[in-house]
Amino acid sequence: MFKKTLIKTAFALPFLFTVISACSQPKTLQQNPVYQSRLATADGTGKIYFGREIATVMGAAGADWLERNNRQQEENTALAISKMPLTANSVVADIGAGTGYYTFRIAKKVPQGKVYAVEVQQEFINYLNQKKKELGQQNVQVIKGSQTSPNLPDASIDLAIMVDVYHELLYPHEVLQALYKALKPRGKLLLLEFRAEDPAIEIKELHKMSVSQANKELAANGFKPDQRSEFLPIQHFLLYRKAD
């Protein structure tokens, strides 16, 4: 049912394996992220974070896969959105928004709020702007991010989401630090990731994430688990909040 050659968007792009130090981060957060390198696997970058090889990005070629007709059936995206902590006034950041599959559906749930559709790939930036124009969705703002930051104002968002994106961030430490600052004091971060614990899910291993691995990496960047749910067919629903 699922493609072994996973084609999809993500927030990160392949780049030089250079560690960029984070500046002026909250004192409770990890100050010196450690990236290691090794020979890359077929689906990996060769860049290691907390023992996990960061996956390669398939990018804009996967636009049709993101908008496939059976995505609701396979992933129950409507249920995922219904379980998100949203109010009519929520400000949400969709990190690695891709085609805006989640962006524009969430925008309807926050009519007095806003959704930032954050992307680094220009093809998707163009796609999102065109779709916003076609739909007339005025509470969506398209943001050009970078590999290390979503470029959002400090304390500006109630919820950040990453849907099958986090495992491909080439600079997960830097992005998490930037999101920590962008979230309001009671803001939350949601990861939807294919379940690494389930071998029956036919997704490449590096494009899955286990709960223990996610918790370890998020904890190192100032986040603690708020809610873990397994109501989705093939993905973890992992909600985090600031540890302090």
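On the basis of being within 24 Å of residue 89 (Cα to Cα), assigned to a strand (DSSP E or B) and touching a helix residue (DSSP H, G or I) at 6+ places or on another chain (Cβ under 8 Å), does residue 190 make the cut? Answer is no for this residue.
All of (1) modelled with pLDDT under 95; (2) within 16 Å of the chain's Cα centre (by Cα) hold for residue 19 with one exception: (2).
Here is the figure for region 60-78: residues that are closer than 24 Å to residue 218 by Cα and touching a residue at least 60 places away in the same chain (Cβ under 8 Å) total 1.
Scanning region 204-225 for residues that are free of Cβ contacts under 8 Å to residues at least 24 places away in the same chain and either buried (at least 23 other Cβ atoms within 10 Å of the Cβ) or touching a Leu at 6+ places or on another chain (Cβ under 9 Å) (or both) yields 215, 224, 225.
Restrict the check to region 86-101 and report whether at least one residue is aromatic (Phe, Trp, Tyr), over 20 Å from residue 226 (Cα atoms) and buried (at least 22 other Cβ atoms within 10 Å of the Cβ). There is no residue in region 86-101 that is aromatic (Phe, Trp, Tyr), over 20 Å from residue 226 (Cα atoms) and buried (at least 22 other Cβ atoms within 10 Å of the Cβ). Screening 133, 188, 242 for residues that are more than 19 Å from residue 47 (Cα to Cα), more than 17 Å from the chain's Cα centre (by Cα) and not aliphatic (A, V, I, L, M) leaves exactly one candidate, 133.
Checking each residue in region 104-152 for being of a type in the set (Asp, Glu) and either touching a residue at least 60 places away in the same chain (Cβ under 8 Å) or in contact with a strand residue (DSSP E or B) (Cβ under 9 Å, 6 or more places away or on another chain) (or both) picks out 119, 123.
Per-residue answers, yes or no, for (1) closer than 19 Å to residue 114 by Cα; (2) crowded, with 24+ Cβ neighbours inside 10 Å; (3) of a type outside the set (Val, Ile, Thr):
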| site | (1), (2), (3) |
| --- | --- |
| 143 | yes, no, no |
| 158 | yes, no, yes |
| 186 | yes, no, yes |
| 189 | yes, yes, yes |
| 197 | no, no, yes |
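The values are calculated or read from the model by the stated rules, or taken from the named source; none is laboratory data. As the structure is a computational prediction, the values presented were derived from the model and not from experiment. Note that we place each Cβ from the backbone using ideal geometry, even for glycine, and neighbour counts take in every protein chain shown.
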